[in-house]
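Scroll down for the structure; my scribbles are underneath it.
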Ligand SMILES: Cc1cc2nc3c(=O)[nH]c(=O)nc-3n(C[C@H](O)[C@H](O)[C@H](O)COP(=O)(O)O)c2cc1C
């Protein structure tokens, strides 16, 4: 069997993910796995049509495709996403149609599921035959049981190809509504109240709905709000995954990105991110924005800010993307004040929503309201806490120091009073009489301290 491996790592052959592919190659020598470095070579693939066509020719001649990529910011690296966009823009999907596909990622399991959902949905959009996905921790290859698991996964993939196994789709095609938003005039103005508001977008001229919504949104305020188009910034490229930023938050790129992030975003009280849906995410320019923010490491860099999204396109059909946006806000300890899209309602309704978002952003900024994190932020923060305290302390020294300062290392082992209570109660609960008494009083005891707060 001939498999085309599309490598999503910007590190090319020095990629962790590719070691997992090499392991499969070694264990299944009867199959040919041809690796193409997509993310590393994206500039050439984009500018040189022949290079792009050569990749399509490889895919055409193969029995299956292995999407093999690191997880970057809830998804895949921006260069990999750019390739997916190029295939769509240049009508290359038909080459992928009916090809069997599997997904292999390496990561530390932070939102690996949203990356997998994304690639799975792309496979479905392109009418590929998606067989399954495998999410390896970046060190799993060192463990014999995990290697065995990887062999089983790869074996099942090859078997599905050999047997022409039936495959089912999980994602419906997206439908875009035919609607031109024409912005009207704002009837009332929101007083910015001294808050610094920055709107970041990647809007292009032809994206009339997005531009219209931004125009109307900006008109909601009494004062000027600063607008920055990512496309106007000198951003030389996407994150290289080199980790040289990990020691002291210094990015190797010498371009405008870091200064823009530090002086504009970190200085703002209110941030609005605006873009148009492209495949099942925003554009790869937006993805590059997020990937490059890795110079901040795993430390929240937008703490306490109000965040709003203005999006053109069918967001409600992509719950995976909504989850990513919510998780991003929660991981930043920012407040997601709202998301406005153009997918429902007439112009008046959209205007109402934009005006309301403007008001809410300023109101929450004034009151300092940050809604509590859900599982997305709580679970994600614990995963990072453990990683930065433990196996990632080196090389992420800057993160370790910042986490110490922020009091992130709140391990339950340090709750000594609680530990003593637990030990005593565990001992006592060996007694049936004690357990009977506990059962009787459980509900009341649980609410007792809460009641004391209410009464005080
Ligand atoms: C910019 C950047 C973003 C990352 N984002 C995530 C993430 O969202 N979730 C995660 O679990 N790991 C994340 N990682 C860790 C990588 O997925 C992990 O190190 C992976 O094994 C690297 O594979 P590679 O060497 O093939 O590029 C990120 C790493 C970088 C450099």
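The values are calculated or read from the model by the stated rules, or taken from the named source; none is laboratory data. Since this is a predicted model, take the numbers as computed values, not measurements. Don't worry about glycine lacking a Cβ; one is built from the backbone with ideal geometry, like all the others, and counts go over all protein chains shown.
Considering every residue within the stretch 182-198, establish whether at least one is assigned by TED's automatic domain parsing to the domain that holds residue 22, surrounded by fewer than 21 Cβ atoms within 10 Å (Cβ to Cβ) and farther than 30 Å from residue 231 by Cα.
no
From the list 119, 161, which one is more than 30 Å from residue 215 (Cβ to Cβ), within 16 Å of the ligand (Cβ to nearest atom) and assigned to a helix (DSSP H, G or I)?
119
Run residue 3 past the list (1) touching a residue at least 40 places away in the same chain (Cβ under 8 Å); (2) within 16 Å of the ligand (Cβ to nearest atom); (3) surrounded by 21 or more Cβ atoms within 10 Å (Cβ to Cβ) and report the number of the one that doesn't hold.
The single condition residue 3 does not satisfy is (2).
Just to verify a result, which residue in the stretch 203-224, among those that are within 20 Å of residue 264 (Cβ to Cβ), without any contact (Cβ under 8 Å) to a residue 40 or more places away in the chain and not in a helix (DSSP H, G or I), is farthest from the ligand (Cβ to nearest atom)?
The extreme case among them is 223.
Is one or more of the residues making up the stretch 307-319 part of a helix (DSSP H, G or I), in contact with a strand residue (DSSP E or B) (Cβ under 8 Å, 6 or more places away or on another chain) and farther than 30 Å from residue 391 by Cβ?
yes
Test of understanding: among 27, 41, 34, which residue is within 16 Å of the ligand (Cβ to nearest atom) and surrounded by fewer than 24 Cβ atoms within 10 Å (Cβ to Cβ)?
41
Tell me yes or no: at least one residue of the stretch 255-263 is away from the ligand (no atom under 16 Å from the Cβ), farther than 27 Å from residue 86 by Cα and either outside the structural domain of residue 299 (by TED's automatic domain parsing) or in contact (Cβ under 8 Å) with a residue 12 or more places away in the chain (or both).
Checked against the condition, which is being away from the ligand (no atom under 16 Å from the Cβ), farther than 27 Å from residue 86 by Cα and either outside the structural domain of residue 299 (by TED's automatic domain parsing) or in contact (Cβ under 8 Å) with a residue 12 or more places away in the chain (or both), the stretch 255-263 yields at least one hit.
Against the definition (surrounded by 15 or more Cβ atoms within 10 Å (Cβ to Cβ), free of Cβ contacts under 8 Å to residues at least 60 places away in the same chain and in contact with a helix residue (DSSP H, G or I) (Cβ under 9 Å, 6 or more places away or on another chain)), how does residue 233 come out, yes or no?
yes
So, in the stretch 6-18, exactly how many residues are over 13 Å from residue 105 (Cβ atoms), over 20 Å from the mean Cα position of the chain (by Cα) and touching a residue at least 40 places away in the same chain (Cβ under 8 Å)?
Summing the residues that are over 13 Å from residue 105 (Cβ atoms), over 20 Å from the mean Cα position of the chain (by Cα) and touching a residue at least 40 places away in the same chain (Cβ under 8 Å) in the stretch 6-18 gives 0.
If the requirement is being surrounded by fewer than 16 Cβ atoms within 10 Å (Cβ to Cβ) and free of Cβ contacts under 8 Å to residues at least 24 places away in the same chain, which of these qualifies: 61, 51?
51
If we scan the stretch 418-435, do we find a residue that is surrounded by 10 or more Cβ atoms within 10 Å (Cβ to Cβ) and in a loop (DSSP other than H, G, I, E, B)?
Yes; the residues of the stretch 418-435 include at least one that is surrounded by 10 or more Cβ atoms within 10 Å (Cβ to Cβ) and in a loop (DSSP other than H, G, I, E, B).
For the stretch 78-85, does any single residue satisfy the condition of being within 16 Å of the ligand (Cβ to nearest atom), outside the structural domain of residue 331 (by TED's automatic domain parsing) and touching a strand residue (DSSP E or B) at 6+ places or on another chain (Cβ under 7 Å)?
Yes, the conditions are met somewhere in the stretch 78-85.
Residues to consider are 59, 103, 65; find the one that is within 16 Å of the ligand (Cβ to nearest atom) and modelled with pLDDT of 95 or more.
Answer to the selection: 103.
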